[in-house]
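Notes follow once the structure below has been shown.
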Amino acid sequence: MEAKAYLKYARISPRKVQIVLDLIRGKDVATAMGILKNTPRAASELLIKLLNSAIANAENNFHMDATKLYVSECFVCQGPTLKRIMPRAKGSADRILKRTSHVTLAVKERD
């Protein structure tokens, strides 16, 4: 049995989130929280909140022990892309792609 938490439509590129998720995959929650708190990336703040939510879901909904939890699964998918325009020289324009992410994080109890 695993407890999941989702973060949808986060205004950060999936590539940036993936780098931080690779650091915490398979680690126990205390270690993962320490890694996230000491990683100077924009995605770290979002993932700290998501990990806290997954831990709370495990404790309250599935009656798991918080000290035995580990990050069993974590991945990011691309959400919808916001298309914006930046004016350029001679009346032309460039397209700016503001990417969004859907992040899924699951925790399980170690045996």
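The values are calculated or read from the model by the stated rules, or taken from the named source; none is laboratory data. If you're wondering where the values come from, they're calculated on a predicted model, not measured in any experiment. Note that we place each Cβ from the backbone using ideal geometry, even for glycine, and neighbour counts take in every protein chain shown. SASA here: full protein model, heavy atoms, side chains in, ligands and nucleic acids out. Shrake-Rupley method; radii C 1.70, N 1.55, O 1.52, S 1.80 Å.
Residues of the stretch 82-104 that are under 13 Å from LYS8 (Cα atoms) and either modelled with pLDDT under 95 or open to solvent by less than 80 Å² (accessible area, probe 1.4 Å) (or both): THR100, SER101, HIS102, VAL103, THR104. Scanning the stretch 61-71 for residues that are open to solvent by 40 Å² or more (accessible area, probe 1.4 Å) and part of a strand (DSSP E or B) gives a single hit, TYR70.
Criterion first (of a type in the set (Val, Ile, Thr) and more than 23 Å from ARG11 (Cβ to Cβ)) does ILE55 satisfy it? It is true that ILE55 is of a type in the set (Val, Ile, Thr) and more than 23 Å from ARG11 (Cβ to Cβ).
Here are the criteria: (1) at pLDDT 95 or above; (2) touching a strand residue (DSSP E or B) at 6+ places or on another chain (Cβ under 7 Å). Tell me which single one LYS49 does not satisfy. Condition (2) is where LYS49 drops out.
Here ASP22 meets the list (1) without any contact (Cβ under 8 Å) to a residue 60 or more places away in the chain; (2) under 10 Å from the mean Cα position of the chain (by Cα) almost entirely, failing just condition (2). Regarding ASP28, is this residue on the phi < 0 side of the Ramachandran plot and over 12 Å from the mean Cα position of the chain (by Cα)? Yes: the conditions hold for ASP28. In this structure, THR67 does not qualify as in contact with a strand residue (DSSP E or B) (Cβ under 7 Å, 6 or more places away or on another chain) and among the hydroxyl-bearing types (Ser, Thr, Tyr). Within the stretch 89-104, restricting attention to residues that are among the charged types (D, E, K, R) and not in a loop (DSSP other than H, G, I, E, B), the residue that is nearest to ALA56 (Cα to Cα) is LYS98. In contact with a Lys or Arg (Cβ under 7 Å, 6 or more places away or on another chain), closer than 22 Å to LYS8 by Cα and without any contact (Cβ under 8 Å) to a residue 24 or more places away in the chain - does that describe any residue in the stretch 62-73? No, the conditions are met nowhere in the stretch 62-73.
You will find that of VAL107, VAL76, VAL17, the residue that is in contact with a Ser or Thr (Cβ under 8 Å, 6 or more places away or on another chain), assigned to a helix (DSSP H, G or I) and open to solvent by less than 70 Å² (accessible area, probe 1.4 Å) is VAL17 and no other. For the stretch 20-60, taking the residues that are more than 20 Å from GLN78 (Cβ to Cβ), of a type outside the set (S, T, N, Q) and not in a helix (DSSP H, G or I), the one that is least open to solvent (accessible area, probe 1.4 Å) is identified as GLY26. Among the residues of the stretch 38-52, the ones that are farther than 19 Å from LYS8 by Cβ and not basic (Lys, Arg) come to 3 in all.
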